[in-house]
1. Taking the stretch A:69-88, which residues are within 19 Å of residue A:14 (Cβ to Cβ) and part of a strand (DSSP E or B)?
2. Of the conditions (1) modelled with pLDDT of 95 or more; (2) within 13 Å of the chain's Cα centre (by Cα), residue B:44 satisfies every one except a single condition; which number is it?
3. For the stretch B:26-45, which residues satisfy the criterion of being crowded, with 20+ Cβ neighbours inside 10 Å and under 24 Å from residue A:3 (Cα atoms)?
4. Select from the stretch A:21-46 the residues that are more than 10 Å from chain B (Cβ to nearest Cβ) and over 18 Å from residue A:75 (Cα atoms) and list them in ascending order.
5. Would you confirm, using the coordinates I've provided, whether residue A:43 is at pLDDT below 95 and buried (at least 20 other Cβ atoms within 10 Å of the Cβ)?
6. Applying the selection to the stretch B:86-110, what residues are within 14 Å of chain A (Cβ to nearest Cβ) and part of a strand (DSSP E or B)?
7. Here are A:36, A:80, A:22, A:111: which of them is buried (at least 16 other Cβ atoms within 10 Å of the Cβ), of a type in the set (Lys, Arg) and in contact with an Asp or Glu (Cβ under 9 Å, 6 or more places away or on another chain)?
8. Can you list the strands (runs of 3 or more DSSP E) lying wholly within the stretch A:18-66 that have 2 or more residues being closer than 14 Å to residue A:92 by Cβ and in contact (Cβ under 8 Å) with a residue 24 or more places away in the chain?
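The values are calculated or read from the model by the stated rules, or taken from the named source; none is laboratory data. Because the structure is predicted, anything quoted here is derived from the model rather than measured. Methodologically, a virtual Cβ is constructed for each residue, glycine included, from the backbone with ideal geometry; neighbour enumeration extends over all protein chains shown.
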Amino acid sequence: EPEVTQTPSHQVTQMGQEVILRCVPISNHLYFYWYRQILGQKVEFLVSFYNNEISEKSEIFDDQFSVERPDGSNFTLKIRSTKLEDSAMYFCASRVTGLSSYEQYFGPGTRLTVT
Amino acid sequence: SQQGEEDPQALSIQEGENATMNCSYKTSINNLQWYRQNSGRGLVHLILIRSNEREKHSGRLRVTLDTSKKSSSLLITASRAADTASYFCATDEDDYKLSFGAGTTVTVRA
């Protein structure tokens, strides 16, 4: 069964460093998302992406964050200058477009630890 | 906006028993989805119920939706140790994002 994949599974970085989290969505999906979950808290929406542009972003998704679909398969989240509070599990998700199907399928996540 | 909120926060049951958890939300939705998360792992999609549906089944899962009360329930029948996980409801107001609740942690005792 097709699935969303994410790399790396765990990333440790120092405060102020840039990180890029990578995702490969399901191949026929057209909507892409990033969410994050701080330990013990809710899953929070960060950004959605469709047709090579951001559809919606949350307040969390400030100028330090950016997303890109550099080729036909990858979808990346970049954090330019990481802060301690960016430590969280980051989930990528994708969804097939169309009226009949709204399931979002999530990847296994990247655990980001900022020290 | 804060949407799905699950109740109870935690549930401990014996293997073979049923587990029921509820979700309430605040605004109109297109659909409601339930996800499972094993400790420290990813989110696994369980079931989606559309706003014009009242009940849906998938294997040992039964989901109900009451749009007049803005609530949903997830029933897991004949629970197994492998069902131990956190369960989240997520509401979909538009095409762009899901809003998650805080989750119900279910522990199934052997």
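1. Listed by number, the residues that qualify are A:77, A:78, A:79, A:88.
2. Going through (1) modelled with pLDDT of 95 or more; (2) within 13 Å of the chain's Cα centre (by Cα) one by one, residue B:44 breaks only (1).
3. Hits for the stretch B:26-45 are B:32, B:33, B:34, B:35, B:36, B:37, B:42, B:43.
4. Scanning the stretch A:21-46 gives a single hit, A:38.
5. Values: at pLDDT below 95: yes; buried (at least 20 other Cβ atoms within 10 Å of the Cβ): yes.
Considered against the rule, which asks whether it is at pLDDT below 95 and buried (at least 20 other Cβ atoms within 10 Å of the Cβ), residue A:43 comes out as yes.
6. Listed by number, the residues that qualify are B:86, B:87, B:88, B:89, B:90, B:91, B:92, B:98, B:99, B:100, B:104, B:105.
7. Only one candidate passes the filter, namely A:36.
8. A:19-24, A:31-37, A:43-50
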